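Heads up: the structure comes next, in structure tokens.
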Amino acid sequence: MMGVCKWLHTQWISWHLKQSYFDQHEYVIVDLELTGLEPKKHEIVSAGWVTMQSLKIDLNTAGYMLNSDVNSLLQSPIYHGVDNTQLTAQGAPLSTLVDAFAEALNDRILVCHNAQLDWAFIQHAASAEQKVIQPKAIVDTLKIEKHRLLVQGKQLKQSDLTLTACRERYALPAHHEHNALSDAFATAELLLAQYHTMNMGNREKLSAIM
């Protein structure tokens, strides 16, 4: 019975959250650079994040961190350009990164481009450090764009849903790719463009993008 009550309470909170307005909430937009795509096998190399509130990106909240605990970069420097020298000189332990995630994300809405991937890595890192990270909801700009294009009847290729391809459809300027902080800003701009395209000048509920 207690389990059922807890489930109902969780569902009520989720419903209530979705009925609130998009511009009421504080969002933390996160991007990760990784050594691969499997959370149990690969590692977080760097993380970038920035906060958005009242439909404004707050540049003063931007954060960027390298993970000095990376065991093996594998071939990932080809993409993100971070090498072992940088990790040693500028990095912080994974525990510090997890603490930064917890401070930034707890009781705020997490936003990622491909949230399924990034959230899995964040959860795995938190579990490894025996910490709990609890955003109150997760928004995925890739998922938003995929749904929008499918509704329009578009035939999608994987390349159609990259952060760069999505930004191009909204005439957003080119950005420095494969840098966690730059990609976090780029994702924040994409989310705002998606929202303004959807709302047609009206105030939309959070459910419109979830």
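Rule-based calculations on the coordinates, nothing more; no lab input. All figures in this text were calculated on a predicted structure; none of them were measured in a lab. Cβ coordinates were reconstructed from backbone atoms using ideal geometry, including for glycine residues, and neighbour counts include every protein chain displayed.
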Item to complete: Subtracting the Cα-Cα distance from 0.36 nm times the residue separation, let me have the gained length for ALA120 to GLN152 in nm, one decimal.
Response: 8.6 nm
Worksheet entry | chymotrypsin sites (Phe, Trp or Tyr not before Pro) within the range 92-170: DSSP coil, no more than 15 neighbouring Cβ in 10 Å | TYR170
Fill in: Listed residues ILE44, PHE121, ALA208: farthest to the positive end of the dipole of the chain (Cβ charges)
ALA208
Worksheet item: Hey, what did the chain get for relative contact order, percent, Cα under 8 Å, at least 6 apart?
Response: 26
Fill in: P(r) of the range 28-106 over all Cα-Cα pairs, binned every 10 Å from zero, in whole percent
18, 48, 27, 7, 0
Worksheet entry | Pairwise FRET efficiency - SER14 versus LYS41, Cβ, R0 = 22 Å, nearest 0.05 | 0.10
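Per the Kirkwood treatment, what hydrodynamic radius in Å, one decimal, follows for the chain from the mean inverse distance over all distinct Cα pairs?
Kirkwood hydrodynamic radius for the chain: 18.0 Å.
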Worksheet item: Cross-link partners among lysines for LYS41, C-alpha distance below 22 Å, same-chain residues fewer than 8 apart left out?
Response: LYS131
Item to complete: Might you report the magnitude of the Cβ-based charge dipole of the chain about its Cα centre, with Lys and Arg at +1 and Asp and Glu at -1, to the nearest 20 debye?
Response: 880
Worksheet item: Which peptide among 79-85, 138-144, 93-99 comes first, and what is the full order, when sorted by highest mean count of other Cβ atoms within 10 Å?
Response: 138-144, 93-99, 79-85
Practice prompt. Describe numerically, in nm with one decimal, the distance between label points set 7 Å from Cα along Cα→Cβ at GLN24 and at MET210.
Written response: 1.1
Practice prompt. For the chain, set up a Gaussian network in which alpha carbons nearer than 10 Å are linked by springs, and say which option among VAL30, VAL111, VAL151 fluctuates the most.
Written response: VAL151
Discussion item. To the nearest 20 Debye, how big is the dipole of the range 99-210 about its Cα centre, given +1 on the beta carbon of each Lys and Arg and -1 on that of each Asp and Glu?
Written reply: 520
Worksheet item: Can you tell which of LEU110, ALA92, ALA184 lies farthest toward the positive end of the dipole of the chain, using +1 and -1 charges on the Cβ of basic and acidic side chains (Lys, Arg; Asp, Glu)?
Response: LEU110
Item to complete: Sort the range 124-210 into rounded, prolate or oblate with this rule: let a ≥ b ≥ c be the square roots of the eigenvalues of the Cα gyration tensor; rounded if a/c is under 1.5, and if a/c is not under 1.5, prolate when a/b is larger than b/c, oblate otherwise.
Response: prolate
